[in-house]
Amino acid sequence: MSSDSGKQHEMERVLLSVINSLQDSQKGFADIGEHLKVESLKRYFLAESLKRASFRGDLEEALHQHGVHDIKETGTAVGTLQRVWGDLKAKLGSGDHGLLETAESSEDETKKIYADALNQELPLPIRQLLADQQAHILASHDFVRSHRDALAAK
């Protein structure tokens, strides 16, 4: 059986990975939201950016409660590349459909991070928090995908 110290370290590693992904997602939603033409999508993306910040805050608070106080996550290189790609698409005039493709691709990565996190041995309150957040992430992914598909059908 794992030691308490090992379990604590694993929980910290898992949560920092999710926090990094949320950092990417927060920035990505804000960046794409600024470029979208459809006003309702723009509002959705900006609200979703704030939701990701809230999720990050909840996970950071959980880490604080477990004695981790120095959290300085900045996202990932993959997330940065996805945002640059989204900005390039916007500048090249790919339109809302292209931006939604980029957002969905990014959300695929966020979904994977949550699935990986929930496959780890975590304390029940942390597991429940991640599961609740994952449900929102999955619904958001489906929303983005359905709007992307609707724009493609036009």
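The values are calculated or read from the model by the stated rules, or taken from the named source; none is laboratory data. Just so we're clear, the structure is a prediction, and the values are computed from it rather than from any experiment. Methodologically, a virtual Cβ is constructed for each residue, glycine included, from the backbone with ideal geometry; neighbour enumeration extends over all protein chains shown. Each accessible area value is taken on the protein alone, full model and side chains, heavy atoms only, with ligands, DNA and RNA left out. Shrake-Rupley method; radii C 1.70, N 1.55, O 1.52, S 1.80 Å.
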task = Sort through L151, L138, L129 and tell me the only one that's modelled with pLDDT under 95 and either part of a helix (DSSP H, G or I) or buried (at least 16 other Cβ atoms within 10 Å of the Cβ) (or both).
result = L151
ask   = In this structure, does D108 turn out to be under 19 Å from L36 (Cα atoms), at pLDDT 90 or above, open to solvent by 60 Å² or more (accessible area, probe 1.4 Å) and not polar (S, T, N, Q)?
value = no
ask   = In segment 11-43, how many residues are open to solvent by 50 Å² or more (accessible area, probe 1.4 Å) and not small (G, A, S)?
value = 9
Conditions (1) within 17 Å of the chain's Cα centre (by Cα); (2) open to solvent by 30 Å² or more (accessible area, probe 1.4 Å); (3) at pLDDT 70 or above: number failed by H64 = (1)
Unmet criterion (only one of (1) open to solvent by less than 50 Å² (accessible area, probe 1.4 Å); (2) of a type outside the set (D, E); (3) modelled with pLDDT under 90) for L81 = (1)
